[in-house]
Amino acid sequence: MIIFAGRSNVGKSTLIFRLTGKKVKRGKRPGVTRKPVEVNWRNRKVVDLPGFGFMSGLPREVQERIKDEIVAFIEENAEEIELAVLVVDGKSAPEIIERWEKRGEIPIDVEFYSFLRELGIPTIVAVNKVDKVRNLERTLNFLAEKFGIPLEEARDVLVPVSAKFGQNIEELKRRIEKALREPQGRGGC
Ligand SMILES: Nc1nc2c(ncn2[C@@H]2O[C@H](COP(=O)(O)OP(=O)(O)OP(=O)(O)O)[C@@H](O)[C@H]2O)c(=O)[nH]1
Ligand SMILES: [Mg+2]
């Protein structure tokens, strides 16, 4: 099983469509995917998870509940999950991360990345919407630092893509295949 996780509206469903050709519901507003949706791809389950964080028109308690459900889903399926693709919006993630840090909070993406690593789930970070990113190198360095990814590993872990315009999708596919072939990180480190 491969899971796609990340904040709402970062493009998880669009990316799954690009990779697998399977139509999952996509949308303009945050909060489109509300329950885990499974598609089959190359004899594997690919799971499109609801986004965490802000969802338009949803009260905070409901957003919290959805986040708890995502965490529970991942914990319950941890054994079966071979790979997580954590999707972030390359344009807005740096700003959001800085805003949370200024408030003294752990940014939700950073928290989620450590959560996946603690469970020993190999994780790739897809840095999506690069079509909107001005300084890609700076963005990638910033994310590597915030996620605590050593620079020598950053090139393997962070994959810049544009789901909307199909940029670098083949590279993401190769990374996914590589991660499935050479599972790393099991048992945690
Ligand atoms: N510019 C740009 N827009 C994108 C890209 N990928 C997705 N989008 C847009 O982002 C919006 C959200 O896409 P979704 O795929 O529904 O996002 P999601 O992460 O599944 O959202 P939830 O299901 O609400 O968590 C849509 O309007 C997409 O067209 C991209 O690479 N570049
Ligand atoms: Mg979605």
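Please treat every number below as a calculation from the coordinates, not as lab data. Predicted model, so just to flag it, every value in this text is computed and none were measured.
Structure above, values below:
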{"read-out": "Computed over the range 33-118, Kirkwood Rh from alpha-carbon pairs, angstrom", "value": "14.4"}
{"read-out": "Where only C-alpha atoms are counted, convex hull volume of the range 1-155 per residue in Å³", "value": "119"}
{"read-out": "Backbone HN-Hα couplings from phi across the range 130-141 [Karplus 6.51/-1.76/1.60, Hz, Gly and Pro as x]", "value": "5, 4, 9, 8, 7, 10, 5, 4, 5, 4, 5, 5"}
{"read-out": "Estimated D of the range 125-189 in µm² per second, where Rh is the Kirkwood radius over Cα pairs and Stokes-Einstein applies at 25 °C, 0.890 mPa s", "value": "193"}
{"read-out": "Extension gain, Glu101 back to Glu64 (0.36 nm per residue minus Cα-Cα distance, nm)", "value": "11.4 nm"}
{"read-out": "Extension gain, Glu75 back to Asn141 (0.36 nm per residue minus Cα-Cα distance, nm)", "value": "20.8 nm"}
{"read-out": "Integer Hz, Karplus 6.51/-1.76/1.60 couplings in order for the range 72-84, x for Gly and Pro", "value": "4, 4, 5, 5, 5, 9, 3, 5, 7, 7, 8, 7, 10"}
{"read-out": "Val159 long-range amide H proximity, modeled H, under 5 Å", "value": "Val125, Ala126, Val127"}
{"read-out": "Added length on full extension, which subtracts the Cα-Cα distance from 0.36 nm per residue, Arg29 to Ala154", "value": "42.0 nm"}
{"read-out": "The chain - mean residue ellipticity at 222 nm from DSSP helices (-39,500 (n - 2.57) per run, n ≥ 4, rounded to 500)", "value": "-13000 deg cm²/dmol"}
{"read-out": "For the range 36-82 versus the range 121-166, the gap between their alpha-carbon centres in whole angstrom", "value": "21"}
